[in-house]
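Take a look at the structure set out below.
Read the figures in this text as sums done on the coordinates, not as results from a lab. All values derive from a computational prediction rather than experimental measurement. With ideal geometry, Cβ positions are generated from the backbone for all residues, glycine too; neighbour counts draw on all protein chains shown.
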There are 6 protein chains.
Amino acid sequence: MRPSGRAPDEMRAITIETGFTKHAEGSCLVSFGDTRVLCTASVERNVPPWMRGKGEGWVTGEYSMLPRATHTRGQREAAKGKQSGRTQEIQRLIGRSLRAVVDLRKLGERQITLDCDVIQADGGTRTASISGAWVALRLAVNGMIANGEIKDDPIAAQVAAISCGIFQGNPVLDLDYDEDSNADADANFVLISGGQIAEVQATAEGATYDEEGLLRLLRLGRIGCDRIFAAQLDAVR
Amino acid sequence: MRPSGRAPDEMRAITIETGFTKHAEGSCLVSFGDTRVLCTASVERNVPPWMRGKGEGWVTGEYSMLPRATHTRGQREAAKGKQSGRTQEIQRLIGRSLRAVVDLRKLGERQITLDCDVIQADGGTRTASISGAWVALRLAVNGMIANGEIKDDPIAAQVAAISCGIFQGNPVLDLDYDEDSNADADANFVLISGGQIAEVQATAEGATYDEEGLLRLLRLGRIGCDRIFAAQLDAVR
Amino acid sequence: MRPSGRAPDEMRAITIETGFTKHAEGSCLVSFGDTRVLCTASVERNVPPWMRGKGEGWVTGEYSMLPRATHTRGQREAAKGKQSGRTQEIQRLIGRSLRAVVDLRKLGERQITLDCDVIQADGGTRTASISGAWVALRLAVNGMIANGEIKDDPIAAQVAAISCGIFQGNPVLDLDYDEDSNADADANFVLISGGQIAEVQATAEGATYDEEGLLRLLRLGRIGCDRIFAAQLDAVR
Amino acid sequence: MRPSGRAPDEMRAITIETGFTKHAEGSCLVSFGDTRVLCTASVERNVPPWMRGKGEGWVTGEYSMLPRATHTRGQREAAKGKQSGRTQEIQRLIGRSLRAVVDLRKLGERQITLDCDVIQADGGTRTASISGAWVALRLAVNGMIANGEIKDDPIAAQVAAISCGIFQGNPVLDLDYDEDSNADADANFVLISGGQIAEVQATAEGATYDEEGLLRLLRLGRIGCDRIFAAQLDAVR
Amino acid sequence: MRPSGRAPDEMRAITIETGFTKHAEGSCLVSFGDTRVLCTASVERNVPPWMRGKGEGWVTGEYSMLPRATHTRGQREAAKGKQSGRTQEIQRLIGRSLRAVVDLRKLGERQITLDCDVIQADGGTRTASISGAWVALRLAVNGMIANGEIKDDPIAAQVAAISCGIFQGNPVLDLDYDEDSNADADANFVLISGGQIAEVQATAEGATYDEEGLLRLLRLGRIGCDRIFAAQLDAVR
Amino acid sequence: MRPSGRAPDEMRAITIETGFTKHAEGSCLVSFGDTRVLCTASVERNVPPWMRGKGEGWVTGEYSMLPRATHTRGQREAAKGKQSGRTQEIQRLIGRSLRAVVDLRKLGERQITLDCDVIQADGGTRTASISGAWVALRLAVNGMIANGEIKDDPIAAQVAAISCGIFQGNPVLDLDYDEDSNADADANFVLISGGQIAEVQATAEGATYDEEGLLRLLRLGRIGCDRIFAAQLDAVR
């Protein structure tokens, strides 16, 4: 029995509110239950130094939690003077995941930065971030196509992410904080709309798991990502 | 004529949405027109080292802009590894302003941190922050009184802040970004509900101003803060 | 009664010793009583990146306290690895105040940095810094005019600063440390020789103040700045 | 055909030279072909602050590359003043992997730090680090048992790690640098001697992969880890 | 022929102005020609953590150049966020040199920090710093003896430092900036009043030197330090 | 009697294993007894900004201790976010020492970085670093001559370094950790194969020393460096 009363393969409510901020070329507030993340896509004419002159673009991600997104207040990373290992790990994952569906040559020498700022956390902030970032990216690229900046659509597919885990011995989909902090294993799947896998990160916590366990989690992940793919399409329509 | 078509003493629409996040002891999303700031109040049992053992509490503020709160994306301070002088100046102002209406002895050895995170910026982010922070603080203290943590209300009055400026030769109230970036003088007033002044910061930009100009700005500031005091009361009711 | 026995509108002795160091293009050691600040003006051919190619110059300030300028030794900011919020706030104020009287176009693409290093502190270090920085700047610009580097004098007026406060209920001029640490309100005025105001920063400490209080402090500030303007002229003659 | 001429399921030569340094409680120099990592285990009586008083120990990892471990010299992280996101990601993985086989209660209030310093890099540095760190840990714990510091062996099993990838369309085991920099997908498996999985990290690079691809990589990973488990046992015997 | 016209064994004028600042327990402004350093001694009840509970004190040094102490303005270390290698090397030397003549047991659990801030630089700032720091230390300790804080004088002897070098083939004493920047070899001697050596740092620059050269420089160093010892005694009398 | 049983002028065994890593243009693992340092020379086409366009090269050193090179584990400097004063002092010494024997004009606009990473420490790490760095440099330059990159050999002589000290009243050569931590005086000599001195750093620790003591240490230093010169020649042959 899950603390939330959900079925093992039941996701939390997903909502995606597009155009949440007015300055960004694309933006949305994505919610997976009580987890809420503001995702913005910013288009700049400036690629990183090591990309210059190649005629290609770059897509990158940044991630942060507001200090009181969590149960107890966390110290602001800007005040500490550095980003935690966790933050860096997550923002590298966001960038990698989005680049998996973007043709950088079609983007031209432009950088799109996907900022994912967690307004409220209740488990699954990195997967909500990736899922929402795709929407912000799609909206920004739509704008660039509409105003003639680029011609060929550089986005080849949708990408979405979901966490699964083994909670009290059972594989469950879309862990909330109560489950996440007590799970025996925790897996994040980043999947592509055509059925391919962009990334798997599966970690034993306390207990370990085997091949069968991994596959059962992956199957749950597919169920979840299909739900997210549909919500993304609704949002950008 | 103001770019927004507002009268010189006309404020933008103020909205204060309380309970915007679920973990903070008090929170609101405050909007002055298109400027939107998430303010949270976090109560901790831990005062700073130099306050310990005095039986008094502390109230402090932190401030940040999300990277794409502005027209063009700003680099994340956590990534740069330090907070700008502007950020530090504003967060010191927030803390000082709120402490002007709090009796720290009545708070007991607790710290309340007011986090003001700018979701969208269109001028006046520091004044919206202070005005919203009071609401978050009021809600947090109401909770502490309700659950018996403290008995005497440590909040002696309301505090609000507004910016005024001289735009194309005329004193105007509540500058938006278009006005702010072209104003000849810029003043921020932090006022207390009983009529007292907590802080004045008035700076010439390009042109300078005289005593009469300062007083005209202060009078506009009073009009603005009276509007905010009313909105605060509505919000916490 | 003031701890120093001064009348409410009586300043401490002001001395300005020009040419205190030999390398700087302009320099002075300014004293307001026991507060002593070394101000140097350094002229460089290099403007900040965001100013380049505009044909304009830049004037900026930096501020620091020597570790034992104060009653008890403070940790060196270079050893801590960052400048405090207070330091940044003050150095931003110094730069803004001097720019209020300089025509940056007449300066050409040059940067003048005003370094204000507090040798000994007894209240009013930021106002002594601004007042001395003007002298260092004037001397540096005189030298540039004398050697033909620039033709039109970019300095339009004098700028000076003084602190005032409400001490034991009475408005007083030029607070020393004993008064400053016990004042009910503290105001810094940056005034321009023609009668205009460059900046007002007035803060309630413990008690608050009203419009009448602000005006009384401003009138004291005018008395003080007139004294400083005279001392500046004597010094640069 | 692999650049090295190896068969798809053929590992590079593994050597583990124990006792490589004299001060550490456990140490080895582990080589996977030309990748060489010095792993040391340091036992300290001091657990991190958030672990104190629980009667449990902690196992953590640190990772670094010597500046010229790679083809071109990399800047020293100590000189840059911060660890890269990649470094932090790897050292978090090392710690998590080792903790998967350690009973922290049996360790008592002690911290064991596993330092993995890459002397020479040719692909697979993180997996060699984890595999060598287990040997250093085993030796350190053997010493603690031998001198009576602890009684019950806190190490429940062996842990090893290996990278696999899809290179020119074929799943291959133990990627060297030439393969790693051109692989279509890259997976790191951290496996436990009893058959369980501690961690899977599988990332598409350029191409993506599907469930079948993931399983084929995992099967190669098992072959590799079995080879490493044997080498570890030889080394600690 | 030296640029200054001095004889090879001729020092620049030495002046030591004691009591230069009022807050420090001991202070002086020391000048070696145009090199001027403010030295303050601060007594604190607090020894560093690794010294606590031993009943011994500690003597340490800190060093900084004001930004415009030099011909061209240097960036402020506090703004850069770190102290240069040169600064750290010099402040370690200052501390070590002073500790060579202090009995830390007689000091009790107190720390004396010698801050050496270079107001104006013309070569020899580290040697002027050490020589002036001894005066500041002597004055601070005299005060502690006078007010009964300590009984036995912990200062066993005088310590002074001087630079010598080989300039255009000739050994010369007390290099100024013009000589220092063109010297073939540069040596700093820290000598103790009884004839002993506390520290020698001799470096070839361009040319190298031999044993005979080293001894000739050391003999010049003795001449210089004897002059400084006399000036120190005059200053503290 | 020395703890190791060595005669006063007896060095520890010196071994120099060249080609220790495959990527560096030159490398060796140098051992002075149990002190082992990996030295690599990296040739880059890029000189520091302040050297550009002069047609000259640059030689610089970097130094680090692996965290568990020592008896107790030291915190990683990359994790602390800054290099210690000791590290900076040593790496400046390494660079200066090697530059003493290199003609930078003959090097052309290239930088050679000598990385000295201490694998195991038992006293004398900085002198082993300098001595090994010369071998790495020699090998790298040999390669550049062999492949025709440069024609004239820029290395004019050998350079080596050794520590000496006064231990229990007696001058001894090549201090190990037990001696170093109890020595009354500690001197590091950097000598050039033709008989010249590149650098002397002699420090009193506890006791002080006189001219005669300095010369006796220098004579021991010559004995030690002659041994190292021979070992260097053997290694590069």
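Residue of D with Cβ nearest the axis relating D to C, plus distance in whole Å?
Nearest-to-axis residue on chain D, with distance in whole Å, is D:81, 4.
Please report the antiparallel percentage of DSSP beta bridges with both residues in the range A:150-237, rounded to the nearest 5.
Bridges in the range A:150-237 that DSSP calls antiparallel: roughly 100 percent.
Please find, in a Gaussian network model of chain E (springs between Cα atoms separated by less than 10 Å), the residue of E:188, E:147, E:170 whose mean-square fluctuation is greatest.
Of the options given, E:147 has the highest mean-square fluctuation.
Given the C-alpha centroids of the range C:183-237 and the range B:94-141, what is the distance between them in whole angstrom?
Cα centroid of the range C:183-237 versus Cα centroid of the range B:94-141: 29 Å apart.
Report, in deg cm²/dmol and to the nearest 500, the calculated mean residue ellipticity at 222 nm for chain A, where each DSSP H run with n ≥ 4 adds -39500 (n - 2.57) and the sum is divided by the residue count.
Taken over chain A, the calculation gives -10000 deg cm²/dmol.
For every other residue with a beta carbon closer than 14 angstrom to the beta carbon of residue A:100, add +1 if it is Lys or Arg and -1 if Asp or Glu, then tell me the sum.
On the way: positive: A:92, A:96, A:99; negative: A:103, A:199, D:184, D:186, D:205, D:210.
With Lys, Arg at +1 and Asp, Glu at -1, the neighbours total -3.
Averaged over all directions, how much area does the convex hull of the C-alpha atoms of the range D:1-157 cover when projected, in nm²?
On the way: hull surface 43.0 nm².
The directionally averaged projection comes out at 10.7 nm².
Spelling out what I want: for every residue of the range F:167-183, take phi, set θ = phi - 60°, compute 6.51 cos²θ - 1.76 cosθ + 1.60 (Karplus), and round to whole Hz; glycine and proline get x.
10, 6, x, 10, x, 9, 9, 6, 5, 8, 4, 4, 6, 4, 7, 10, 6
About the Cα centre of the range D:37-142, what is the dipole size in debye to 20, counting +1 per Lys and Arg Cβ and -1 per Asp and Glu Cβ, all else neutral?
Dipole about the Cα centre, nearest 20: 200 debye.
With viscosity set to 0.692 mPa s at 37 °C, what whole-number translational diffusion coefficient in µm²/s follows for the range F:43-85 from Stokes-Einstein and a Kirkwood radius over Cα pairs?
Values: Rh = 13.4 Å.
The estimated diffusion coefficient comes to 245 µm²/s.
Using Cα atoms only, what is the angle between the long axis of helix D:85-99 and the major principal axis of chain D, expressed in degrees (0 to 90) to the nearest 10?
For helix D:85-99, the angle is close to 60 degrees.
Placing a label point 7 Å from Cα toward Cβ, how far apart in nm is residue D:178 from its equivalents in the other copies, listed shortest first to one decimal?
The answer, with the shortest distance listed first, is 5.0, 5.6, 6.4, 6.4, 8.3 nm.
Give me the dipole magnitude in Debye, nearest 20, for the protein assembly as shown about the Cα centre, with unit charges on the beta carbon: positive for Lys and Arg, negative for Asp and Glu.
0
Between the DSSP loop rule and a limit of at most 13 other Cβ atoms within 10 Å, which trypsin sites (Lys or Arg not before Pro) in the range C:92-199 are left?
Sparse-neighbourhood loop trypsin sites (Lys or Arg not before Pro): C:151.
Could you compute Rg(Cα) / (2.2 N^0.38 Å) for the range A:124-223, with N its residue count?
1.30
Which one, E:140, E:108, E:209, projects farthest toward the positive side of the charge dipole computed for the range E:99-237 from Cβ point charges (K/R +1, D/E -1)?
E:108
Just to confirm the numbers: residue A:51, label point 7 angstrom along the Cα-Cβ line, distances to the other copies in nm, shortest first?
Distances between equivalent label points, in nm: 3.2, 3.2, 3.9, 4.4, 5.2.
Placing a label point 7 Å from Cα toward Cβ, how far apart in nm is residue D:75 from its equivalents in the other copies, listed shortest first to one decimal?
Result for residue D:75, in nm, nearest copy first: 1.1, 1.1, 2.2, 2.5, 2.6.
Once you have the Kirkwood Rh of the range B:74-135 from its Cα pairs, apply Stokes-Einstein at 4 °C and 1.567 mPa s and quote D in µm²/s.
After rounding, the answer is 98 µm²/s.
Only Lys, Arg, Asp and Glu count, each charged at its Cβ (+1, +1, -1, -1), so figure out the dipole size of chain E about its Cα centre, rounded to 20 debye. Can you show the working numbers first?
Working: 28 positive and 32 negative charges, 168 e Å.
Dipole magnitude for chain E comes out near 800 debye.
Pairs to check: B:54/D:106; E:22/E:106; D:82/D:151; E:22/E:82; A:54/F:151; A:82/B:22. Give those whose C-alpha atoms are more than 31 Å from each other in this structure. The partial results should precede the final answer.
Working: B:54/D:106 42 Å; E:22/E:106 26 Å; D:82/D:151 39 Å; E:22/E:82 29 Å; A:54/F:151 36 Å; A:82/B:22 27 Å.
Beyond 31 Å between Cα atoms: B:54/D:106; D:82/D:151; A:54/F:151.
Note the direction-averaged projected area, equal to a quarter of the hull surface, for the Cα convex hull of the range C:5-53, in nm².
Result: 5.8 nm².
Using only C-alpha positions, report the orientation-averaged shadow area of the convex hull of the range C:10-85, nm², one decimal. Before the final figure, lay out each step's value.
Details: hull surface 32.2 nm².
For the Cα atoms of the range C:10-85, the hull's average projected area reads 8.1 nm².
Of the DSSP beta bridges with both residues in the range B:1-152, give the percent that are antiparallel, rounding to the nearest 5.
If I count the DSSP bridges inside the range B:1-152, around 70 percent turn out antiparallel.
Please list, in order along the range D:131-144, the HN-Hα scalar couplings obtained from phi with the Karplus expression 6.51 cos²θ - 1.76 cosθ + 1.60 (θ = phi - 60°), rounded to whole Hz, x for Gly and Pro.
Running phi through 6.51 cos²θ - 1.76 cosθ + 1.60 with θ = phi - 60° gives 5, x, 4, 4, 5, 4, 5, 4, 5, 5, 5, 3, x, 5 Hz.
In a Gaussian network model over chain C where Cα atoms closer than 10 Å are linked, find which of C:220, C:139, C:66 has the largest mean-square fluctuation.
Answer for the Gaussian network model of chain C: C:66.
Semi-axes of the equivalent ellipsoid for the protein assembly as shown, please: Cα gyration tensor eigenvalues, times 5, square-rooted, ordered largest first, whole Å.
After diagonalising the Cα gyration tensor, the semi-axes are 50, 50, 30 Å.
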